[in-house]
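The values are calculated or read from the model by the stated rules, or taken from the named source; none is laboratory data. Keep in mind it's a predicted model, so treat the numbers as computed, not measured. Reconstructed Cβ throughout: ideal geometry from the backbone, glycine too, with neighbour counts over all protein chains shown.
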Amino acid sequence: MTAAIRPGRDEDAEGFISLIDTAWAEFPGCVLDVDAETPELRALASHFAKADGALWAAESEGHLIGMVGTRPLRHDDAYEICRMYVARECRGTGLARRLLALAEDHARDAGAKRMVLWTDTRFEAAHRFYEKHGYVRQGAIRILDDLSKSLEFRYAKPARGLVVEALDAAAAASAERRLSRILVDCVAAGGSVAFFPPLAPERAREVWRKVSAEVAAGTRVLLAAWRDGALVGTAQINLGTPENQPHRAGIEHLLVDPPARGTGIGRALMQRAEQAARRLGRGLLTLETRADDLAERLCRDLGWQEAGRVPGYALNADRTPADAVFLWKRLG
C-alpha cells in the first residue's frame, strides 16, 4: 500500500474521527465522544494553526490511513508530538516512522530543543514504537478526568544536537529496548563487553532490567546520549562500592552505537560521567577495559592513568586471550 502524506485539512474531520475511534476501539474502556470531549476534531487543522502547530494526513486510494500533529509548548523550547494514529492494516509498513519523522523535522526547523508526547498507559505498541525512536518516560503519570478514565505516560527526548542526560528509574526502564539494541550491535561489532557474539536480544534485555533496578535502588547512574533525537550511546556510574570506599565509583559499559562512533559521543559520555560523579561526592574513578581499544585511548586522552594490566584477562570473540587494562582518575 502506497501512502501519500499531505497537510491536514478541516475537511478531513470525518476521516480523522473514524481513524481515532477505530484505534481506541481496540482497547476496552476507551471511548471517543467528540462533542463532549474533543470538539476540536471537527476542525483540527484550524485548531493546530491557532496553536502555531502543524497537522498532516496520510491517505491511500482516497482513504485516510494516518495522521500526526505537532505544536509548540510554552516552556523549555519544547514541541509536543500529538494525534499520532495509523490504521491497523498499515502498521509495520514504515508509515508511522514517516509521519513521526515529518513532525519531528518540522519541530526542529521551528527551533524545538525537546520533543514531548503523551500516550495512554494501555497503548503498549505505541510505547514500543516511541521507545524505538529514542523517547524515554519522564515525569509522573497524568490522570485525565475523561470518559475513558485515561492514565497517560509522558515521553520526551532532546530534539537536536548532542545531549547527554541521566535517566531516572522510569526512563531507564523505558530505554531498555533501545539500549538492548545498542548492546547487541556493540557485541556484534567486537566491543569490549562481557559477552560473546551473537548476543540474544532477550539476554540483552535481562542486562538492562538489572541496570534499571539498580538505578531505582540508587546504586547506579545511567547516562544516555542522543544525537539529533536518536539515542546512540550510554554509560554507567557504579555507586555500589564497599562501605570503606564511599569516595570511589566505577565507570562501566561505555557503549556507542557502531554507526555513530567517531562523532564525539563517547567523549561526551565520559565527561558527563565525571561531572556527575563529582557532584555525587565521588572523587576517585576506576575503569576496566580491553587493552588497546577505543575506550582506553579515549580515557588516556581525558587524563586517566593506568593502574596495571592483566594478560589474558578475558577472551575475544574468536576465543583468543585479551589483556585487560585498569585505569583510574582523581577528580579535582
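Structure summary
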{"quantity": "Every residue from region 100-130 that is closer than 13 Å to Arg154 by Cβ, crowded, with 18+ Cβ neighbours inside 10 Å and not hydrophobic (A, V, I, L, M, F, W, C)", "calculated": "Arg114, Thr119, Asp120, His127, Tyr130"}
{"quantity": "The one condition in (1) over 20 Å from the mean Cα position of the chain (by Cα); (2) under 24 Å from Gly233 (Cα atoms) that Arg71 fails to fulfil", "calculated": "(2)"}
{"quantity": "Test: residue in region 246-266 that is among the polar types (S, T, N, Q) and surrounded by 13 or more Cβ atoms within 10 Å (Cβ to Cβ)", "calculated": "yes"}
{"quantity": "Unique residue being crowded, with 19+ Cβ neighbours inside 10 Å, aliphatic (A, V, I, L, M) and assigned by TED's automatic domain parsing to the domain that holds Tyr130 when the list is Ala13, Ala87, Ala25, Ala43", "calculated": "Ala87"}
{"quantity": "Residue check, Thr234 under 18 Å from the mean Cα position of the chain (by Cα) and either outside any helix (DSSP H, G or I) or surrounded by fewer than 16 Cβ atoms within 10 Å (Cβ to Cβ) (or both)", "calculated": "yes"}
{"quantity": "Odd one out for Ala57 among (1) free of Cβ contacts under 8 Å to residues at least 40 places away in the same chain; (2) in contact with an Asp or Glu (Cβ under 7 Å, 6 or more places away or on another chain)", "calculated": "(1)"}
{"quantity": "Output for region 28-40, where each listed residue is at negative phi and either in contact (Cβ under 8 Å) with a residue 12 or more places away in the chain or surrounded by 12 or more Cβ atoms within 10 Å (Cβ to Cβ) (or both)", "calculated": "Cys30, Val31, Leu32, Asp33, Val34, Ala36, Glu37, Thr38, Glu40"}
{"quantity": "Pairs where the first residue, in region 64-88, is more than 12 Å from Leu44 (Cβ to Cβ) and the second is among the basic types (Lys, Arg) and part of a helix (DSSP H, G or I), C-beta under 9 Å, 6+ apart", "calculated": "Gly66/Arg98; Tyr79/Arg108"}
{"quantity": "Every residue from region 177-206 that is touching a Ser or Thr at 6+ places or on another chain (Cβ under 8 Å), buried (at least 19 other Cβ atoms within 10 Å of the Cβ) and part of a helix (DSSP H, G or I)", "calculated": "Leu179, Ile182, Ala204"}
{"quantity": "Set Lys149, Lys132, Lys157: member being of a type in the set (D, E, K, R) and at positive phi", "calculated": "Lys149"}
{"quantity": "Boolean, Ala314 is outside the structural domain of Met115 (by TED's automatic domain parsing), in contact (Cβ under 8 Å) with a residue 60 or more places away in the chain and crowded, with 20+ Cβ neighbours inside 10 Å", "calculated": "no"}
{"quantity": "Number of the condition not met by Arg278 [criteria: (1) within 22 Å of Ala172 (Cβ to Cβ); (2) within 22 Å of the chain's Cα centre (by Cα); (3) surrounded by 14 or more Cβ atoms within 10 Å (Cβ to Cβ)]", "calculated": "(2)"}
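Yes/no matrix, rows are residues, columns are (1) closer than 17 Å to Arg278 by Cβ; (2) not acidic (Asp, Glu):
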| site | (1), (2) |
| --- | --- |
| Glu202 | no, no |
| Arg209 | no, yes |
| Glu214 | no, no |
| Leu231 | no, yes |
| Ile237 | yes, yes |
| Thr241 | yes, yes |
| Pro246 | yes, yes |
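A quick yes/no check of all residues on (1) part of a loop (DSSP other than H, G, I, E, B); (2) touching a helix residue (DSSP H, G or I) at 6+ places or on another chain (Cβ under 6 Å):
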site	(1), (2)
Val116	no, no
Thr119	no, yes
His127	no, no
Gly134	yes, no
Gly139	yes, no
Asp146	yes, yes
Arg154	no, no
Ala172	no, yes
